[in-house]
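Right, one structure below, let's go through it.
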Amino acid sequence: MRISCLQENLARGLSMVSRAVATRSTLPVLGNVYVGTDGGRLKLMATNLEIGLSCWVGARVEEEGAITVPARLFEELVKQSPPERIELEVDTRTETLHYRCGSLSASIKGIGASEFPIMPAADEAEGVRVRVDGDVMAEVVEQVVFAAATDETRPVLTGVLVEFEEDRMTLAAADGFRLSVRSARLEGAVEAPLRVIVPARAMGELGRIVKQVGGEILVILTPNRNQVLFHMAEVDLVSQLIEGTFPDYRLIIPKSFETRVVVDTARFLETVRRALIFARDAANIVRLQVGNAGGPAETHEQAARLVVRAEASETGSGEEAIPAAVEGAPLEIAFNGRYLMDVLSVVGSPQVALELTTPSSPGVFRPVGTETEFTHVVMPMHLGGR
């Protein structure tokens, strides 16, 4: 192989694929990045056998070929090289990649490309195909993926449920304490309903990449239904699927409420962030008081506000009242402040509605003033005595 390309383009490509490199593996080749030619371009690949990433970089190809080289070393070398043209040449006899950039030259010991795992390509892959707008997918993923579980006790909860039905796409994630669901319309209807569980890490990487490359995403489900491929402009992401049955999230979402509070999203987020200064020393418990719950007859001003309070026995307490539009009876409830920050950071609307029933029932967050189909459910924390 003998090719040349711009340093900035190669650095960008390596940053795309490097996050799929295996950090711990008994197979040395999984710690490498594949560097090869493909259709007059440079192709980079990395995989940990659960997630695989491919990226194509514009290059001048003089001789076809491929090799794999240590990913971390190669990425650092490229990033720290001068912004000039890079020349790459492979010595197949010694499995060495010769590297030149300006006055810099280096030789990197590699492993033969034939030992690198085969990854499906979009132009060759067969299976169910769905097209999704990249901007829509990025927004949907951001509002859902953070709610997936990190505990491997229930593997299905470490994934994101991805559903396609008619002209709608729905993503859902839950960890046993919260649930995030977001739906969006597709530009066209799918031929048949599709329901898979994709690892949350893969969906997070998809969201990160599509924000950078934009454009349309072609989603391909392989015939044996054990892999899904996301094809984007110059980047492919392939992921293993999680087997099992995702809980019916529709049963988790409360059908009614007794109290509804509408507040400014940014103000609410800032207030919760300040409350966490005290709450972080008290299991992140943040109390929300709607109206004058449990107190004497309230004034109009008391009724039209939300009080955010946190208290830690060893450090102190703080509270802050923010204006709110309140419907229903006064109520006091407690949530994990970190969970509140997570949802308020992605709700994506100037105002947010919080629907409540009792201090021990789930709270439901919904955007206000937009057509976004986003629902987030959070379980309350035990509200003990003060």
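Here are the numbers for this structure:
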item: Mean Kyte hydropathy of -1.0 or more with a Cα span along the axis of at least 18 Å, helices from DSSP in the chain; result: 200-213, 265-279
item: Trypsin sites (Lys or Arg not before Pro) lying in DSSP loop within segment 69-146, provided at most 11 other Cβ fall within 10 Å; result: ARG93
item: Distance between modelled label sites at SER256 and LEU49, nm, 7 Å Cα→Cβ extension; result: 5.3
item: Computed label-point distance, nm, for sites ARG273 and GLU64 using a 7 Å Cα→Cβ extension; result: 5.4
item: Under 11 Å, Cβ to Cβ, from ARG178 - net charge with Lys/Arg +1 and Asp/Glu -1; result: -1
item: Cα centroid of segment 301-366 to Cα centroid of segment 201-276, whole Å; result: 24
item: Equivalent ellipsoid semi-axes, segment 253-378, via Cα gyration tensor eigenvalues times 5, rooted, Å; result: 21, 18, 14
item: Proximal aspartates and glutamates to LYS211, defined as alpha-carbon separation beneath 20 angstrom and excluding residues fewer than eight positions away on the same chain; result: GLU8, ASP133, ASP135, GLU139, GLU142, GLU187, GLU234, ASP236, ASP342
item: Relative counts (whole %) of C-alpha pair distances in segment 64-103, using bins that are 5 Å wide; result: 5, 21, 29, 26, 15, 3, 0
item: The chain, helix-only ellipticity at 222 nm - DSSP H runs n ≥ 4, -39,500 (n - 2.57), divided by all residues, nearest 500; result: -5500 deg cm²/dmol
item: Calculated P(r) tail over 24 Å for segment 69-194, as whole % of Cα pairs; result: 58
item: Full-extension gain in nm, ARG195 to ARG208, via 0.36 nm per residue minus C-alpha separation; result: 2.4 nm
item: The chain: translational diffusion in µm²/s, Stokes-Einstein, Kirkwood Rh over Cα pairs, 25 °C, 0.890 mPa s; result: 105
item: Distance between modelled label sites at GLU314 and SER105, nm, 7 Å Cα→Cβ extension; result: 6.2
item: Rg [Å, one decimal], Dmax [Å, integer] - segment 127-168, C-alpha atoms; result: 12.6, 34
item: ASP281/VAL156 FRET efficiency (R0 30 Å; Cβ-Cβ; nearest 0.05); result: 0.30
item: Charge dipole magnitude, Cβ of K and R +1, D and E -1 - the chain, Cα centre, debye nearest 20; result: 700
item: Net lengthening on full extension, GLU187/ARG85 (0.36 nm per residue, minus Cα-Cα); result: 32.6 nm
item: Segment 128-250: C-alpha pair distances exceeding 26 Å, %; result: 11
item: Whole-number percent relative contact order across the chain, with pairs defined as alpha carbons under 8 Å at least 6 apart; result: 12
item: Over segment 58-141, volume per residue of the alpha carbon convex hull, in Å³; result: 185
item: Footprinting exposure proxy for HIS98, HIS382 (fewest neighbouring C-beta atoms within 10 Å first); result: HIS382, HIS98
item: Global form of segment 205-273, assessed from the alpha-carbon gyration tensor, a/c cut-off 1.5; result: oblate
item: Fully extended contour minus Cα-Cα distance, from ARG24 to ALA304, at 0.36 nm per residue; result: 95.3 nm
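Each value in this text was obtained by applying a stated rule to the coordinates, not by laboratory testing. This one's a predicted model, so the numbers in the text were calculated from it and none came from an experiment. Here Cβ is always computed from backbone atoms with ideal geometry, including for glycine, and neighbour counts include all displayed protein chains.
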